[in-house]
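The values are calculated or read from the model by the stated rules, or taken from the named source; none is laboratory data. Remember, it's a predicted structure, so these values are computed and weren't measured experimentally. Methodologically, a virtual Cβ is constructed for each residue, glycine included, from the backbone with ideal geometry; neighbour enumeration extends over all protein chains shown. In case anyone asks, the SASA skips ligands and DNA or RNA and just uses the protein heavy atoms, side chains included. Shrake-Rupley method; radii C 1.70, N 1.55, O 1.52, S 1.80 Å.
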Amino acid sequence: VLRDPVVTPAASLVVQGNLPLVSYGVLLRRHVDLSTLMHAQQAIADETGQEETSVASLLLRAAAKAQQKISLVPGRSVGLAIIRNEGVSVAHVHDAAGAPFRTVMSQAQQALSAHREDKVDLAVADMSNFDIDEAVLNIGVPVLTLGRTMYDSSKGTHHSTLSLSGNISVESGTKFLSMVAELLNSPVRLVI
């Protein structure tokens with residue numbers, strides 16, 4: 001005997017007056033293969049004579065270039081989120097999409113060593129050295145975050161998670177994450 005399915009009403013959400021509910025907007029994430037980027041990072045460090053090229057510079061450049069094509073947010077200013085024990089600050093990096101890559105690297109390095117509170121339209125947080133996969137930073141603007149980098153020894157590849165959080169549309173956020181992932185997989189496009 002076939003019966004009609006029983007429809008059970010969903011439990012209604014009861015909100016207590018003293019319980020604060022907080023929303024930081026949309027959270028989108030994408031798993032990315034960073035193997036090509038890691039090889040490029042080492043090659044850039046060898047070529048520039050620096051001990052190590054920061055992933056933050058490459059991530060910042062990718063976000064700035066993607067912002068030019070996708071227009072995730074109304075403005076064009078992109079900054080680097082600096083995470084310290086006392087909190088998060090943001091340093092604007094001028095012309096991160098178009099300046100010579102050495103200039104972007106230099107500005108990113110200066111930003112990491114300074115404590116600034118610049119106003120930006122989009123922030124980039126390199127959290128690849130932290131032991132977390134993703135984070136939502138409430139700093140008043142959308143934030144692109146790169147989580148910890150993991151190495152798959154069986155395949156010889158590096159993987160991470162890109163997260164985008166903030167008051168953005170899901171459609172433009174998805175396109176933006178896709179463009180950033182594409183750029184990170186094509187590091188020559190980031191450097192030139």
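If you check Leu37, Leu80 for being surrounded by 17 or more Cβ atoms within 10 Å (Cβ to Cβ) and either over 15 Å from the mean Cα position of the chain (by Cα) or touching a residue at least 60 places away in the same chain (Cβ under 8 Å) (or both), only one passes: Leu37. Only one entry of Ala181, Ala97, Ala111, Ala91 meets the criterion of being within 11 Å of the chain's Cα centre (by Cα) and either within 25 Å of Tyr24 (Cα to Cα) or open to solvent by less than 60 Å² (accessible area, probe 1.4 Å) (or both), and that entry is Ala181.
Here Gln68 meets each of (1) of a type outside the set (A, V, I, L, M, F, W, C); (2) under 30 Å from Ser169 (Cβ atoms); (3) not in a helix (DSSP H, G or I) with one exception, condition (3).
Being among the β-branched types (Val, Ile, Thr) and closer than 15 Å to Leu177 by Cβ is the filter; apply it to the stretch 133-148 and report the residue that is most open to solvent (accessible area, probe 1.4 Å). Quick ask: steps written out before the conclusion?
Going residue by residue through the stretch 133-148, those that are among the β-branched types (Val, Ile, Thr) are 136, 139, 141, 143, 145.
Add one more test, that the residue is closer than 15 Å to Leu177 by Cβ, and what stays is 136, 143, 145.
Details: Val136: 63, Val143: 1, Thr145: 1 Å².
Looking at the filtered set, the residue picked out is Val136.
The residue that is farthest from the chain's Cα centre (by Cα), counting only those in the stretch 149-163 that are polar (S, T, N, Q) and open to solvent by 50 Å² or more (accessible area, probe 1.4 Å), is Ser154.
Exactly one residue out of Ala99, Ala63, Ala45, Ala81 is farther than 14 Å from Phe176 by Cβ and either assigned to a helix (DSSP H, G or I) or in contact with a Phe, Trp or Tyr (Cβ under 8 Å, 6 or more places away or on another chain) (or both): that is Ala45.
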